[in-house]
Amino acid sequence: MPAIITDQIRVLNASNFVSGISTTTSSYYVFIGLPNATEVNSDWNTNTPAPIDNFDDHDDIYDTLISAKKVNSSDVLQVIRKISWTTGTIYEMYRHDYDINNTTPQTNSSNLYNSNFYVMNSDFRVYECIYNGANPTNSGKGIVSLEEPTHTDLQPRLESDGYLWKYLYTIKPSDIVKFDSVDYIPVPFDWLNNSDTLDVRNAAVDGKIETVVIDDTTSAAYQFSGTKNNVPIRGDGQDGLASVTFVNGKPTAVQVTNGGSGYSFATLDLDSVVTGSGAVFSVIIPPPKGHGANIYRELGANKVLVYSRIENSDSTNPDFPTGNQFARIGILKNPNVNGTTNLLTASSASGVYGLRLAGAASSTMSVSVDGEITQTIGIGSTAVGKIISYDPVTKFLRYWQDRDLATKSSIGANPTYGFRLNKFTSSPATGGNINVVVTTTSGTETVGIDTTFTGVSTSVNSKTYYFGQSNTSGIASPEIEKYSGDIIYIDNRPEVTRATNQREDIKIVLEF
């Protein structure tokens, strides 16, 4: 049987996603990862591969996850395509009946939401085109828009160029910073309960007619020039009236003088006023509850923009290391606190391991980012990791371990330290020790794990430095329980090198 998933379930899913961010039962994080992308693919930056969506890749993403930042309710909004008003453009108008057999005249879309029926003006006000001058003389395509809409009237205003614009909302400055992008603009949060949108919602009238379009006058033969008033609009609503202007027997304009209410279908009953007019009209039915009642449904807001800003701070956000790259971003839902089944709710969290080092060289060595660090943990057993970052002031080294360290290489060679991926330890077995060998820019250095240190911060020259994760006997574990939660978005991209004086604004658009 023929069936479709409607646009409205997509809009509903987008709204539900935004609502779910603010609940206590769900926790979402934007994460960065993959610090050595060019080792994975040498041409990663010029030929970035598409993400792979399977359980194997899911685990690999966790292994290369660097850190994550919590998404709060103020970090998400539903968005719509950005259509900026430009003089000389023909905009399409709102119609309730676009489909595969009645496509939009400018974009040839079979769907209202893919048409250009709304605009944002230069003051970040958003308007819906209620009428664009469409009539038989322009084959229903409309006329060019020459006057930028700027009003904030609660009722549609007819501009001097013949366009009828309905004011919907103004984008707040704070939302412009977070949610305005090249391709999308935000829709206000919680439209149905937002006090900022109350006036527009209250002005909406269910089933009120705003526009009647003349479709065809080829059969018109009524010999009259002038205006016929009080032409009734018939249907399941009431009180609708219009005035029709004729020139040499043909209707040239229709003005709705009383939009009435309650219409879900309607016909302009010109025959009750004029015998044998021969013209064809379309009465445009507003969305349920009227224009402006539910902006998500009216404008097709089936996309959500998730915003995250990554900034560097020793005291508030030390989970995002500098000096290395990331080449993957994504969204993680409902991860657990490492070692527990508790939902992670911290403002940020580290996904990597750490070591507090000791020894003379630990204050002076220049580590090789993405180089290896090893520890002999017992007879014939070596732990190995890849360096993400190192701070010689705090002597804290971040590293990660992924499957490549314990699997065959592409040419079939066995891994250097065997097929078991061992963990670093402050309590090595017989034949092991607490020393680690660190790859530096000039070779290697052997330093020790500071097994006397336990804590989340250290003081150097009267300044407190935070590690972002807790150390026990000189070893820090990830704050995120690996493989917990759901990875719901993955984006591979050319490498971004993080520096101490920069920040990253991450904007992710999810389409439902």
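The values are calculated or read from the model by the stated rules, or taken from the named source; none is laboratory data. Not measured: the values here are computed from a predicted model. Counting neighbours? That spans all protein chains shown, and the Cβs are built from the backbone with ideal geometry, glycine included. Ligands, DNA and RNA are stripped out before the accessible areas are found, and what is left, the full protein with its side chains, is counted by its heavy atoms. Shrake-Rupley method; radii C 1.70, N 1.55, O 1.52, S 1.80 Å.
Points to keep in mind about this one:
- Only protein heavy atoms count here; on that basis, with a 1.4 Å probe, Val40 has an accessible area of about 70 Å².
- Near Ser109, the amide H atoms lying under 5 Å from its own belong to Thr104; only residues 5 or more places off or on other chains count, and H is placed 1.01 Å from N.
- For segment 98-141, a/c is not less than 1.5, where a ≥ b ≥ c are the root eigenvalues of the C-alpha gyration tensor, and a/b does not top b/c. That puts it in the oblate class.
- Relative contact order of the chain: 18 percent, from C-alpha pairs under 8 Å at least 6 residues apart in sequence.
- Label corresponding to P(r) over Cα pairs in 20 Å bins from 0, in percent when calculated from the structure given, among (i) 19, 48, 31, 2; (ii) 19, 38, 23, 15, 4, 0; (iii) 26, 59, 15, 0: (ii)
- Cross-link reach is defined here as a Cα-Cα straight distance under 18 Å, omitting same-chain residues fewer than 8 places apart; for Lys70 the lysines meeting it are Lys178, Lys333, Lys482, Lys507.
- Loop-resident sites, segment 410-459, for chymotrypsin sites (Phe, Trp or Tyr not before Pro), counting at most 11 other Cβ within 10 Å (DSSP): Phe419
- Lysines whose Cα lies under 25 Å from that of Lys141, excluding same-chain neighbours fewer than 8 positions away: Lys82, Lys166, Lys208, Lys250
- For Ile434, distant residues with modelled amide H under 5 Å away: none
- Unit charges at the beta carbon, dipole of the chain: most positive-side option, Leu270, Tyr163, Thr341: Thr341
- Computed helical MRE - 222 nm, the chain, DSSP H runs ≥ 4 contributing -39500 (n - 2.57), nearest 500: -2500 deg cm²/dmol
- Counted residue by residue at 0.36 nm each, then reduced by the alpha carbon distance between them, the extension gain from Arg420 to Asn461 reaches 10.6 nm.
- Cα gyration tensor shape for segment 354-434, rounded if a/c is under 1.5, else prolate or oblate: oblate
- Shape category assigned to segment 72-116 from the gyration tensor of Cα positions, a/c cut at 1.5: oblate
- Per residue accessible area of the chain, 1.4 Å probe, in Å²: 46
- Charge dipole (Cα centre; +1 on Lys/Arg Cβ, -1 on Asp/Glu Cβ; no other charges) of segment 158-287 amounts to roughly 280 debye.
- Residues of segment 65-99 with an amide N closer than 17 Å to a point placed 7 Å from the Cα of Asp190 along the Cα-to-Cβ direction: 72-78.
- Accessible-area value, Tyr28, 1.4 Å probe, nucleic acids and ligands omitted, Å²: 20
- Solvent exposure ordering (accessible area, 1.4 Å, most first) of Phe281, Phe55: Phe55, Phe281
- Length gained on full extension, Thr472 to Phe512: 10.1 nm, using 0.36 nm per residue less the C-alpha separation.
- Using the average count of surrounding beta-carbon atoms within 10 Å as a protection proxy, the listed peptides 466-477, 432-443 rank, highest first, as 466-477, 432-443.
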